[in-house]
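Single-structure report; data block below.
The values are calculated or read from the model by the stated rules, or taken from the named source; none is laboratory data. Bear in mind that the values here come from a model prediction, so they are computed numbers and not experimental data. Glycine also receives a Cβ, built like all others from the backbone with ideal geometry; neighbour counts cover every protein chain displayed. Keep in mind that these areas ignore ligands, DNA and RNA; they rest on the heavy atoms of the full protein, side chains included. Shrake-Rupley method; radii C 1.70, N 1.55, O 1.52, S 1.80 Å.
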Amino acid sequence: MKRIYENIVIALKSLGSNRLRTFLTMLGIIIGVGAVVAVMGVGAGAEASIIGDIQDIGANVITIYPGKEGASDKKGMPQRFEDDEEKEEIVKGDLYLEDVYILKGEAQLLNEIVPVYAGGDIISYLSWSGTTSIIGTTENFLTVQGYEIDRGNFFTESDIANMSNVVVLGDTVVSDYFGKINPVGEIIKIDGKNFTVIGTVKSAGSSFGRDPDDTVYIPITTAQNKLYGVDTINYILAKVVSEELVDEATEETKEILRMHHSILPGEGDDFIISGNTQILEMASEISTTLTVVLGGIAAISLIVGGIGIMNIMFVSVTERTKEIGIRKAVGAKNRDIMIQFLTEGIVLSFLGGVLGIGFAYLMAWAIGSFITSIITATPIILALSVSSAIGLIFGIFPAMRAARLHPIDSLRYE
C-alpha cells in the first residue's frame with residue numbers, strides 16, 4: 001500500500017511539472033467522459049419524464065382506437081408494441097358512443113369509460129381569437145386523466161344528454177384569453193357559436209410533447225352534432241380496476257367489442273387496444289437504445305483521449321530516460337519502473353474522468369431548461385472505471401518501453 005501511495009505521489013509531481021501539457025492530454029478524456037455521462041443523463045431524464053407522464057395518467061388506463069387497414073395486432077395491441085409472432089390482421093373500423101354504453105354495461109374489469117372526439121377550431125372572446133384543441137367527452141374524463149377542476153364545475157350527464165353549449169377551459173386558454181379575469185360565466189364563441197364557460201381545469205403540464213392545458217372541453221354530443229356533424233368518436237379511454245388486471249381487462253374488452261361488432265372467429269378486429277404499460281415499455285426500449293448508440297458515439301472520444309495519453313507517455317519516457325537509468329542503477333527493477341509509468345497513465349486518465357464528470361454536470365445545467373437530465377451514480381462509476389481502464393490499457397506500451405531500457409544506455413542518454 002505504501003508503494004502504491006508513493007507511486008501516486010510521484011505521478012502527481014510528474015504531471016504537475018507541466019500542467020498545460022497534462023491538461024491538453026486529459027482533454028480527450030474530459031470531453032469523452034463528459035459526453036458519455038451527459039448522454040446517459042439525458043436518456044435517464046427522458047425515461048423518467050415518460051414514466052412521470054404515464055403515472056400521471058395511470059398505468060391502469062387502456063385506450064381503444066378504431067382499426068386501420070394494414071395494421072397488425074397480437075392480443076389486441078398495435079403492431080408497434082409487439083413482435084412478429086402470432087399477429088392478427090386489423091381491418092378498418094369505427095367507434096361509436098354505443099361501444100361505450102356496451103362496455104359500461106358488460107365490462108367487469110373497467111370502472112371508468114369515456115369517449116373522446118378530438119378536433120381543433122377557432123375560438124374567440126371579445127376581440128381575441130385563435131385556434132385551439134377541442135375535446136368532446138363525457139363527465140368522467142377528468143377522473144380518468146387525473147386532471148382537477150380549478151374553478152367552477154365540469155359538465156354533467158344532463159349537459160351531455162341535452163347537447164348543452166357549455167365549455168370547460170384548460171389553464172393555457174384561460175391565461176391567453178382572460179388573463180387574471182375569472183372566466184366562469186363568460187361567453188366565448190367556437191366556430192361562431194356561443195358557449196358558456198362553466199369551469200376551468202388546473203394546469204396539467206406538458207405531456208408527451210403536447211400541451212393539454214391548451215384545450216377546450218365540451219360535451220361529446222355537442223361536438224358531434226353542433227360542431228363537426230359526425231356520429232363516430234376518435235378513441236375510448238377506460239380505467240381498469242387495478243394495474244395487475246390490465247391484460248385481463250384488455251382481453252375482456254376485446255371479446256365484448258368483437259361480439260358487439262359481429263366479428264366472426266378468424267376475422268380481424270376492427271379496433272386496436274393499447275395500454276400505457278406497453279407505451280412505457282416501448283418508450284423505455286427506445287430511450288435505452290438511443291442512450292447506448294449516442295453513448296457509443298461519444299465514447300469514441302475516450303479512445304482518442306487514450307491515444308493522446310499513450311503518445312504523451314512515450315514522450316515522457318524519452319524525456320526521463322536518464323531518471324530511469326538512475327533508478328535502475330540504485331536497484332529499481334523493471335517491474336518498479338513499469339508500475340510507476342502505469343500509475344502515471346492511470347492517474348492522468350482518472351483525473352480526466354473526474355474533470356469530465358464536472359463537465360457533464362455543466363452541460364446538464366446548460367441544457368436543463370430545454371431537456372430533463374438526470375445524472376445518477378451508475379454512469380459516474382462507469383465513466384471513472386472506463387477512464388481508469390483506458391489509462392491502464394494505453395499506458396502499458398510506454399511503461400513496457402520504460403521498463404526495458406538498459407540502465408547504462410539510459411545514464412548515457414542526453
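Extension gain for the segment residue 91 to residue 329, taken as residue separation times 0.36 nm less the Cα-Cα distance, is 77.1 nm to one decimal. In this structure the chain gives 51 Å² per residue of accessible area when probed at 1.4 Å with all protein chains present. Between amide H atoms placed 1.01 Å from N, distances below 5 Å from residue 166 occur with 196, all of them 5 or more places distant or on a separate chain. Applying 0.36 nm per residue to the separation of residue 162 and residue 372 and subtracting their alpha-carbon distance, the gain on full extension is 71.1 nm. Of 28, 205, 305, the residue with the greatest mean-square motion in the GNM of the chain, using alpha carbon springs below 10 Å, is 205.
This model, with +1 at the C-beta of Lys and Arg and -1 at the C-beta of Asp and Glu, gives the chain a dipole about its Cα centre of some 3980 debye.
In terms of its alpha-carbon gyration tensor, the stretch 215-268 comes out oblate; a/c meets the 1.5 threshold, while b/c is at least as large as a/b.
Across 392, 142, 405, the residue with the most accessible area heads the list, and the full order at a 1.4 Å probe is 392, 405, 142. Counting protein heavy atoms only, the chain has 59 percent of its accessible area on carbon and sulfur, 1.4 angstrom probe.
With the cut-off at 1.5 for a/c, could you classify the stretch 89-206 from its C-alpha gyration tensor as rounded, prolate or oblate? Prolate is the answer for the stretch 89-206, as a/c is 1.5 or above and a/b outweighs b/c.
Computed from phi, the 3J(HN,Hα) profile of the stretch 215-220 under the Karplus parametrisation 6.51, -1.76, 1.60 (θ = phi - 60°) reads 9, 10, 9, 9, x, 5 Hz, with x in place of Gly and Pro. From its DSSP helices (H runs of at least four residues, each -39,500 (n - 2.57)), the chain gives a residue-normalised ellipticity at 222 nm of -17500 deg cm²/dmol.
Annotation note: chymotrypsin sites (Phe, Trp or Tyr not before Pro) in the stretch 165-238 located in DSSP loop regions with a Cβ neighbour count of at most 15 within 10 Å are 208. Put +1 on the Cβ of each Lys and Arg and -1 on the Cβ of each Asp and Glu in the chain; which of 357, 153, 125 then has its Cα farthest toward the positive end of the dipole? My answer, from the dipole projection, is 357. Using only Cα atoms and rounding to the nearest 10 degrees, what angle (0 to 90) does helix 276-319 make with the longest principal axis of the chain? Helix 276-319 and the main axis of the chain meet at about 20 degrees.
Please say if the chain is rounded, prolate or oblate, where rounded means a/c under 1.5 for a ≥ b ≥ c the square roots of the C-alpha gyration tensor eigenvalues, and otherwise the choice is prolate for a/b larger than b/c and oblate otherwise? In terms of gyration-tensor shape, prolate. Taking the C-alpha atoms only, the angle from helix 334-366 to the longest principal axis of the chain is near 30 degrees. Could you compute the longest span of the chain free of trypsin sites (Lys or Arg not before Pro) located in DSSP loops and having at most 12 other Cβ atoms within 10 Å, not counting the site residues? Result for the longest clean stretch: 181-332. Taking every DSSP beta bridge that has both residues in the chain, what percent is antiparallel when rounded to the nearest 5? That works out to approximately 80 percent antiparallel. Dipole magnitude for the stretch 133-269: about 740 debye, using +1 per Lys or Arg Cβ and -1 per Asp or Glu Cβ, origin at the Cα centre. Applying a DSSP loop filter and a limit of 13 other Cβ atoms within 10 Å to the GluC sites (Glu not before Pro) in the stretch 95-154 leaves 148.
When the chain is described by a simple charge dipole with +1 on each Lys and Arg Cβ and -1 on each Asp and Glu Cβ, the residue from 262, 101, 170 located farthest towards its positive end is 170. GNM on the chain, alpha-carbon springs under 10 angstrom: the most fluctuating residue among 163, 310, 259 is 259.
In degrees from 0 to 90, rounded to the nearest 10, what is the angle of the helix 2-16 Cα long axis to the longest principal axis of the chain? So the helix axis and the longest Cα principal axis differ by about 80 degrees.
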